[in-house]
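Below is one structure; the comments refer to it alone.
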Amino acid sequence: MHCELTKHQIDFYQANGYLLIENFLNEAELSFWQEAVTEAIQQRGGKKMPGSDAKVGEDDGINKDSDYYGKVFDQMLNLWQTNDAVKKIMLDENIGKMVADLAGWDGTRIWHDQALIKRPWANPTSWHLDTPFWSFSDRRAMSIWVALDDATVENGCLYFIPGSFHSTSFENPGIGKNMDAVFDFYPQFIKSKSVAVPMKAGSCSFHNGLTIHGAGANMTNGFRRAMTCAYMPEGATFNGIKNILSDEQVGKLKIGDLLNDNNQNPLIYSRDENVELT
């Protein structure tokens, strides 16, 4: 795994809100990730996340326009909780350190992982933000996006609006049918130049959860698979948004409570050597 970051890469991320790392995984590692994610998805039997009966493509109460959104990609969350191989991948301390170095925080917790699979002829993913969906509010929150297949302009690679995270907010524009809906909230970016980030299988990107981003349609007869994970800093607190939390979990939380349940949000890296990781 290519997990050493240069100062230039960290500076680029902190200026632009995204970073491409080519050949993040070697051939053997890529095969392991592909096999692990495939197995984990098969074990789910179509269920979107643990503790929920919602199936892939059904309305989950998170995304609007579910009839359209269900044909953007298949989305399965927290595979690390139901598959040991994916758990080994997601709880890797090396990735946690990369996240901490890019975000500039001292401890990295997983918010959730998710497999994102664009089927042949899948709809585009409209411009959106990530962090406003989540149950904590931190401007540094971020995700890794690992290509399990080549992600191309033709099959739905990521696009970013560089630097947008500096002035977006926690207000949630949602994600629906219209590519330009986000500009109703952020009109200052409507004339901005977007950047396409195609990548070979085994490469990855990191992006800030407040960076405006999206993905094109899959205009091919093949699949475009990616494995992603969202991260929050150690010390993040509940903001009142349910997101992927269960009713039982939300019932035990009040706004301002620490999100430090290692069964839900494992600590995978800390700069404090005396802190025990999950």
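The values are calculated or read from the model by the stated rules, or taken from the named source; none is laboratory data. If you're wondering where the values come from, they're calculated on a predicted model, not measured in any experiment. When we count neighbours, we look across all protein chains shown, and the Cβ atoms used for this are built from the backbone with ideal geometry, even at glycine.
Within 18 Å of the chain's Cα centre (by Cα), over 25 Å from VAL86 (Cα atoms), crowded, with 19+ Cβ neighbours inside 10 Å and of a type outside the set (Lys, Arg): is that true of LEU129 in this structure? When the stated conditions are applied, LEU129 passes them. Considering only residues in segment 229-278 that are within 17 Å of ASN94 (Cβ to Cβ) and β-branched (Val, Ile, Thr), the one that is surrounded by the fewest Cβ atoms within 10 Å (Cβ to Cβ) turns out to be VAL275. Within segment 92-123, being farther than 23 Å from ASN239 by Cβ and touching a helix residue (DSSP H, G or I) at 6+ places or on another chain (Cβ under 7 Å) holds for ASP101, ALA115, ASN123.
Of the residues that make up segment 195-217, is at least one more than 30 Å from VAL153 (Cβ to Cβ) and in a loop (DSSP other than H, G, I, E, B)? The answer is no, given that none of the residues of segment 195-217 is more than 30 Å from VAL153 (Cβ to Cβ) and in a loop (DSSP other than H, G, I, E, B). None of ILE255, ILE268 is β-branched (Val, Ile, Thr) and part of a loop (DSSP other than H, G, I, E, B) except ILE255. In segment 1-23, of all residues being among the charged types (D, E, K, R) and assigned to a loop (DSSP other than H, G, I, E, B), the one that is nearest to the chain's Cα centre (by Cα) corresponds to GLU22. Check whether at least one residue in segment 90-109 is at pLDDT 95 or above, among the aromatic types (Phe, Trp, Tyr), assigned to a helix (DSSP H, G or I) and at negative phi, and report yes or no. Checking segment 90-109: not a single residue is at pLDDT 95 or above, among the aromatic types (Phe, Trp, Tyr), assigned to a helix (DSSP H, G or I) and at negative phi.
A quick yes/no check of all residues on (1) at positive phi; (2) in contact (Cβ under 8 Å) with a residue 12 or more places away in the chain; (3) assigned to a loop (DSSP other than H, G, I, E, B):
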residue: PRO132; (1), (2), (3): no, yes, no
residue: ASP138; (1), (2), (3): no, yes, yes
residue: SER143; (1), (2), (3): no, yes, no
residue: ASP149; (1), (2), (3): no, yes, yes
residue: TYR159; (1), (2), (3): no, yes, no
residue: PHE170; (1), (2), (3): no, yes, yes
residue: GLY174; (1), (2), (3): yes, yes, yes
residue: LYS177; (1), (2), (3): no, yes, yes
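Give me a count of the residues in segment 137-191 that are of a type in the set (S, T, N, Q) and crowded, with 21+ Cβ neighbours inside 10 Å. Counting residues in segment 137-191 that are of a type in the set (S, T, N, Q) and crowded, with 21+ Cβ neighbours inside 10 Å gives 4.
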